[in-house]
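J.: Structure in structure tokens, see below.
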Amino acid sequence: MYAYDEIDRTLVNERVSEFRDQVKRRLSGELTEDEFKMLRLQNGVYLQLHAYMFRVAIPYGTLSSNQLRRLAHVARKYDRGYGHFTTRQNIQFNWIKLAELPDALADLADVGIHAMQTSGNNTRNVTSDQWAGVAPGEVEDPRIWAEILRQYTTLHPEFSFLPRKFKFAITASPHDRAAIKIHDIGLRLHKNSAGETGFEILVGGGLGRTPFIGKTIKPFVHGRDLLSYVEAIMRVYNQYGRRDNIYKARIKILVHELGIEKFAAEVEEEWQQMRDGALKLDDEVVEDIRARFFYPKYEKLPHMPDELRKAAQDPQFEAWRRNSVFTHKVQGYAIVTISLKPVGGPPGDATADQMDALAEIADKYSFGEIRVGHEQNLALPHVAKRDLPALWKALDRIGLATPNVNLISDIIACPGLDYCSLANARSIPIAQELTRRFANHDTANLIGRLHINISGCINACGHHHVGHIGILGVEKNGEEFYQITIGGRADENAELGTLIGPSVKFEEVADVIEDIVEAYLALRARPDELFVDTVKRLGVEPFRERVYATR
Amino acid sequence: MPLVKGGKITDDSFVHLADDAVLPESGAVLVSAARFLQDPEALLGRAGKVGVIWPNSRDVDDLVPHLDRLAAVALVFPTFRDGRAYSQARLLRERFSYRGELRATGQVLRDQFVFMMRAGFDAFEVRKQGDAEAFAQTVKRYSVFYQPTGDGRLTALHRRMQLRHSESAGL
């Protein structure tokens, strides 16, 4: 956990009072809606179909139990008793009243949470691996650098009115859980031959109307140069990124139009002129940030405690453990993923009561720390293995022990037409229906790892392009239709999915997905060949044939 | 449109000169980039001060050779959503050491004041009277800054360092 100091607290409080003044001026008519729109977006407030939606930042997906309790409080006091965790490790509330927003922000500020730059054409929440700091094999904790970037990008005087939104993601593990290749800037922490920390920097990844996988702009930028290099990229983008067409304004289009070599040359020229300036990070500054991250004092515990051995005889426990419990870097501990994908529920939602109970559980079993992953699940990063059986029971009591992490019903979905004014089609009911179709745990287990991603429009908030199966809602003559892609992935081998055939109606989507899955079960070379690998090996054609033969 | 300079509302000493207007013999004038670049010497050689309104779609490089003879540069915010002039301002101040008046013009609202000052602006053609009147109060909104810019304000990172050093020195 990163601990705010007086300086961080002051800034957040100053931002709350500024926003309070902005809301007051809007309510009095001093600000037009057009003027206010930009200001509220800079503080995470959208106007949705039914009400204002309020998005709160969870930097690099790390929360303390007290912060989670406060999110529960906001859900209860200012909303309708629940919140929705997003693919960018944030949380959204869907029913906030404008006049009450400043108070909600003030309540959050008390525990060091803010909503700065969770929307608008500025730098968004810096996301990271939800297992940062605890994953085995990690080079070092990437959140130190994510926090440095969070501070650097917060209320940046030059980059608060960019051509379009701008997203960073950072990982320090060989296996990329942060989807860095689909971000405007993706950072892969690694060390050079001298053992110094630096970053491979990728630029121009992103989904939406024109999806691109990020391209490497520089294979190694030394840690001390991270901010100056990032500033060079952003300055080139701020000046030359397109502002004439909202769909061509992301940095990916600039990189694509210039070509990565030309873009890299522009950045290099800019960087050479400022790399030795005030942005250079000395070790002391980095260590100061590092020193304010708290790590648990782990005990020396056995690899296989008796409690776990005994519980292994309960098949229900085992079903959950196999899918939810992951190896920790410290012996005797585990990382536990908590599925927010119950059968028949909207993906990523948690009630205020669940949040409160989970905060309690985190205090008891995870040193008071909770993580949010981009898959819209939560995680407890420091669970002693001996506590796993008790933890499972506690989670089950609050409906958070669905044993489907990484399985077909662990679906990523945007809010879609049920909430969002941009959407063309509903996402949540599709997800709900699919979780019912694949509710049988044995079937889901047989299918194995399979990610379904659903977006209700081309803006791709549900990351459909990089789902093993991607579902995109479109509108045709006033009716909801869905395009289906297969073979996408968001990890270190990121790829965009391929369209399998003509779009299908709302009622047909679940049938088509079942057909695709049946085709996979028939086509896979071995039981452990993952869906995405079968598609890679065989291409789309055999799937297309089977799915559309009878349609 | 009120002009805020030196932290308060003041009269504009510059006359905005249209491209086809006759050049007065003396007095401070503010001209378009097109008019200025057509014949910089004709403007710079006369008695009065000269300022240039520089569009946000043009590199400031073309302006650099003239900077030490310009009394003002006005950078444009066609809408407050368009932030290109922030980069231009920082380049003029921080890279090209421009010390004359740096004016923000266009859709300038109170919510941009702090950003603009941090980027190096020191004069503001403010859209709304109420915003101009609120200038002094608005720029005091923030006391903490995370990024180093040419305005010299101490960043949070360095403030922490100072605090730590003074603590360890027992002060």
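J.: Looking at B:P2, B:P55 in this structure, which one is touching a residue at least 60 places away in the same chain (Cβ under 8 Å) and out of contact with any Asp or Glu (no Cβ under 6 Å at 6 or more places or on another chain)?
T.: Numbers: B:P55 fails: touching a residue at least 60 places away in the same chain (Cβ under 8 Å).
Sole residue among the options that is touching a residue at least 60 places away in the same chain (Cβ under 8 Å) and out of contact with any Asp or Glu (no Cβ under 6 Å at 6 or more places or on another chain): B:P2.
J.: List the residue pairs whose Cβ atoms are under 6 Å apart, where the first residue sits in segment B:32-52 and is assigned by TED's automatic domain parsing to the domain that holds B:L63, the second is in a helix (DSSP H, G or I) and among the basic types (K, R), and the two are 6 or more positions apart or on different chains.
T.: Taking only residues 6 or more apart or on different chains, the pairs are B:L44/B:R69.
J.: Here is a list of conditions, (1) surrounded by 22 or more Cβ atoms within 10 Å (Cβ to Cβ); (2) β-branched (V, I, T); (3) not assigned by TED's automatic domain parsing to the domain that holds B:V31, and B:V108 meets all of them except one; can you say which number that is?
T.: Every condition holds for B:V108 apart from (3).
J.: Could I ask something else about it? Regarding segment A:194-208, can at least one residue be identified that is more than 14 Å from chain B (Cβ to nearest Cβ), on the phi > 0 side of the Ramachandran plot, touching a helix residue (DSSP H, G or I) at 6+ places or on another chain (Cβ under 7 Å) and not in a loop (DSSP other than H, G, I, E, B)? First the steps, then the outcome.
T.: So the first thing to find is which residues in segment A:194-208 are more than 14 Å from chain B (Cβ to nearest Cβ), and the list is A:194-208.
Those still in the list that are on the phi > 0 side of the Ramachandran plot too: A:195, A:204, A:206, A:208.
Now drop any that are not touching a helix residue (DSSP H, G or I) at 6+ places or on another chain (Cβ under 7 Å), which leaves A:204, A:206.
Among the residues that remain, those that are also not in a loop (DSSP other than H, G, I, E, B) are: A:206.
Among the residues of segment A:194-208, at least one is more than 14 Å from chain B (Cβ to nearest Cβ), on the phi > 0 side of the Ramachandran plot, touching a helix residue (DSSP H, G or I) at 6+ places or on another chain (Cβ under 7 Å) and not in a loop (DSSP other than H, G, I, E, B), which makes the answer yes.
J.: Quick check on A:V286: is it surrounded by 14 or more Cβ atoms within 10 Å (Cβ to Cβ) and modelled with pLDDT under 95? Full working, then the answer.
T.: Details: surrounded by 14 or more Cβ atoms within 10 Å (Cβ to Cβ): yes; modelled with pLDDT under 95: yes.
Answer is yes for this residue.
J.: Hey, another quick one. Filter segment A:25-51 for residues that are among the charged types (D, E, K, R) and within 12 Å of chain B (Cβ to nearest Cβ); which is nearest to B:Q162 (Cα to Cα)?
T.: Residues of segment A:25-51 among the charged types (D, E, K, R): A:25-26, A:30, A:33-35, A:37, A:40.
Narrowing the set further to residues that are within 12 Å of chain B (Cβ to nearest Cβ) leaves A:25-26, A:30, A:34-35, A:37, A:40.
Working: A:R25: 38, A:R26: 40, A:E30: 41, A:D34: 42, A:E35: 39, A:K37: 39, A:R40: 35 Å.
Residue satisfying both the conditions and the ranking: A:R40.
J.: Going by the conditions given, is B:R141 farther than 22 Å from A:E231 by Cα and within 10 Å of another protein chain (Cβ to nearest Cβ)?
T.: Details: farther than 22 Å from A:E231 by Cα: yes; within 10 Å of another protein chain (Cβ to nearest Cβ): yes.
Yes.
J.: Which of the residues spanning segment B:15-46 are loosely packed, with under 14 Cβ neighbours inside 10 Å and touching an Asp or Glu at 6+ places or on another chain (Cβ under 7 Å)?
T.: Within segment B:15-46, just B:A34 meets the criteria.
J.: Are any residues in segment A:96-143 within 18 Å of the chain's Cα centre (by Cα), not polar (S, T, N, Q) and not in a loop (DSSP other than H, G, I, E, B), and if so, which ones?
T.: Scanning segment A:96-143 gives a single hit, A:R143.
J.: Kindly indicate whether any position in segment A:288-302 is touching a residue at least 60 places away in the same chain (Cβ under 8 Å), under 30 Å from A:A334 (Cβ atoms) and of a type in the set (V, I, T).
T.: Looking for residues that are touching a residue at least 60 places away in the same chain (Cβ under 8 Å), under 30 Å from A:A334 (Cβ atoms) and of a type in the set (V, I, T), one finds at least one in segment A:288-302, hence yes.
J.: Can you tell me which residue within segment B:130-171, out of those that are touching a Gly at 6+ places or on another chain (Cβ under 7 Å) and buried (at least 18 other Cβ atoms within 10 Å of the Cβ), is modelled with the lowest pLDDT?
T.: Going through segment B:130-171, the residues touching a Gly at 6+ places or on another chain (Cβ under 7 Å) turn out to be B:135-136, B:150-151.
Narrowing further to those that are buried (at least 18 other Cβ atoms within 10 Å of the Cβ): B:135, B:150.
Working: B:F135: 97, B:G150: 91.
Looking at residues that are touching a Gly at 6+ places or on another chain (Cβ under 7 Å) and buried (at least 18 other Cβ atoms within 10 Å of the Cβ), I get B:G150.
J.: Regarding A:L530, is this residue under 27 Å from A:R177 (Cβ atoms) and touching a Pro at 6+ places or on another chain (Cβ under 8 Å)?
T.: no
Okay, residues lined up against (1) within 20 Å of A:P163 (Cα to Cα); (2) touching a helix residue (DSSP H, G or I) at 6+ places or on another chain (Cβ under 7 Å); (3) within 13 Å of chain B (Cβ to nearest Cβ); (4) of a type in the set (K, R):
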position: A:Y240; (1), (2), (3), (4): yes, yes, yes, no
position: A:K252; (1), (2), (3), (4): yes, no, no, yes
position: A:E261; (1), (2), (3), (4): no, no, no, no
position: A:E266; (1), (2), (3), (4): yes, yes, yes, no
position: A:Q272; (1), (2), (3), (4): no, no, yes, no
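J.: Among the candidates A:G399, A:G368, A:G373, A:G456, which residue alone is touching a Pro at 6+ places or on another chain (Cβ under 7 Å) and of a type in the set (G, A, S)?
T.: On the way: A:G368 fails: touching a Pro at 6+ places or on another chain (Cβ under 7 Å); A:G373 fails: touching a Pro at 6+ places or on another chain (Cβ under 7 Å); A:G456 fails: touching a Pro at 6+ places or on another chain (Cβ under 7 Å).
Just one listed residue meets the conditions, A:G399.
Let's see how each residue does on (1) within 14 Å of chain B (Cβ to nearest Cβ); (2) in contact with a Lys or Arg (Cβ under 6 Å, 6 or more places away or on another chain); (3) farther than 30 Å from B:L91 by Cβ; (4) not hydrophobic (A, V, I, L, M, F, W, C):
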position: A:I289; (1), (2), (3), (4): yes, no, no, no
position: A:F293; (1), (2), (3), (4): no, no, yes, no
position: A:Y298; (1), (2), (3), (4): no, no, yes, yes
position: A:D306; (1), (2), (3), (4): no, no, yes, yes
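J.: Give the number of residues within segment B:98-123 that are more than 8 Å from every other protein chain (Cβ to nearest Cβ), assigned to a loop (DSSP other than H, G, I, E, B) and in contact (Cβ under 8 Å) with a residue 12 or more places away in the chain.
T.: Of the residues in segment B:98-123, 7 are more than 8 Å from every other protein chain (Cβ to nearest Cβ), assigned to a loop (DSSP other than H, G, I, E, B) and in contact (Cβ under 8 Å) with a residue 12 or more places away in the chain.
J.: Pick out the one residue from B:A123, B:A104, B:A119 that is within 25 Å of A:V236 (Cβ to Cβ) and touching a Lys or Arg at 6+ places or on another chain (Cβ under 7 Å). Can you show your working first?
T.: Details: B:A123 fails: within 25 Å of A:V236 (Cβ to Cβ); B:A104 fails: touching a Lys or Arg at 6+ places or on another chain (Cβ under 7 Å).
Selected residue: B:A119, the only one of B:A123, B:A104, B:A119 that is within 25 Å of A:V236 (Cβ to Cβ) and touching a Lys or Arg at 6+ places or on another chain (Cβ under 7 Å).
J.: Has segment A:87-98 got at least one residue that is hydrophobic (A, V, I, L, M, F, W, C), in contact with a Ser or Thr (Cβ under 7 Å, 6 or more places away or on another chain), surrounded by fewer than 24 Cβ atoms within 10 Å (Cβ to Cβ) and closer than 29 Å to A:D410 by Cβ? First the steps, then the outcome.
T.: Here is the first cut: in segment A:87-98, the residues hydrophobic (A, V, I, L, M, F, W, C) are A:91, A:93, A:95-96, A:98.
With the extra rule that they be in contact with a Ser or Thr (Cβ under 7 Å, 6 or more places away or on another chain), the set shrinks to none.
The answer is no, given that none of the residues of segment A:87-98 is hydrophobic (A, V, I, L, M, F, W, C), in contact with a Ser or Thr (Cβ under 7 Å, 6 or more places away or on another chain), surrounded by fewer than 24 Cβ atoms within 10 Å (Cβ to Cβ) and closer than 29 Å to A:D410 by Cβ.
J.: Would it be correct to say that A:A72 is more than 14 Å from chain B (Cβ to nearest Cβ), touching a residue at least 24 places away in the same chain (Cβ under 8 Å) and closer than 15 Å to A:A106 by Cα? Step through it out loud before you land on a result.
T.: Values: more than 14 Å from chain B (Cβ to nearest Cβ): yes; touching a residue at least 24 places away in the same chain (Cβ under 8 Å): yes; closer than 15 Å to A:A106 by Cα: yes.
So A:A72 passes the test.
J.: Of everything in segment B:59-97 that's part of a loop (DSSP other than H, G, I, E, B) and more than 12 Å from chain A (Cβ to nearest Cβ), which residue is surrounded by the most Cβ atoms within 10 Å (Cβ to Cβ)?
T.: To start, the set of residues in segment B:59-97 that are part of a loop (DSSP other than H, G, I, E, B) comprises B:59, B:70-71, B:78-83, B:96-97.
Narrowing the set further to residues that are more than 12 Å from chain A (Cβ to nearest Cβ) leaves B:70-71, B:97.
Values: B:L70: 21, B:A71: 16, B:S97: 10.
Among those that are part of a loop (DSSP other than H, G, I, E, B) and more than 12 Å from chain A (Cβ to nearest Cβ), it is B:L70.
J.: So, in segment B:124-150, of the ones that are assigned to a loop (DSSP other than H, G, I, E, B), in contact (Cβ under 8 Å) with a residue 40 or more places away in the chain and not polar (S, T, N, Q), which residue ends up nearest to A:L155 (Cα to Cα)?
T.: If we filter segment B:124-150 for residues that are assigned to a loop (DSSP other than H, G, I, E, B), which is where we start, we get B:126-128, B:134, B:139-150.
Those still in the list that are in contact (Cβ under 8 Å) with a residue 40 or more places away in the chain too: B:126-127, B:139, B:149-150.
Subset that is not polar (S, T, N, Q): B:126-127, B:139, B:150.
Details: B:V126: 21, B:R127: 22, B:V139: 14, B:G150: 16 Å.
So, considering only residues that are assigned to a loop (DSSP other than H, G, I, E, B), in contact (Cβ under 8 Å) with a residue 40 or more places away in the chain and not polar (S, T, N, Q), the one nearest to A:L155 (Cα to Cα) is B:V139.
J.: Something else now. Any residue that is in a loop (DSSP other than H, G, I, E, B) and over 22 Å from B:A119 (Cα atoms) - is there at least one of those in segment A:149-166?
T.: Taking segment A:149-166 first, the residues in a loop (DSSP other than H, G, I, E, B) are A:154-165.
If we keep only those that are over 22 Å from B:A119 (Cα atoms) as well, we get none.
Among the residues of segment A:149-166, not one is in a loop (DSSP other than H, G, I, E, B) and over 22 Å from B:A119 (Cα atoms), which makes the answer no.
J.: Here's something else I'd like to know. Suppose we filter A:K181, A:K165 for residues that are farther than 21 Å from B:T155 by Cβ and within 14 Å of chain B (Cβ to nearest Cβ); which single one remains? Step through it out loud before you land on a result.
T.: Working: A:K181 fails: within 14 Å of chain B (Cβ to nearest Cβ).
Exactly one residue qualifies, and that residue is A:K165.
The values are calculated or read from the model by the stated rules, or taken from the named source; none is laboratory data. Since this is a predicted model, take the numbers as computed values, not measurements. For neighbour counting, all protein chains shown are included, and Cβ atoms are generated from backbone atoms with ideal geometry for every residue, glycine included.
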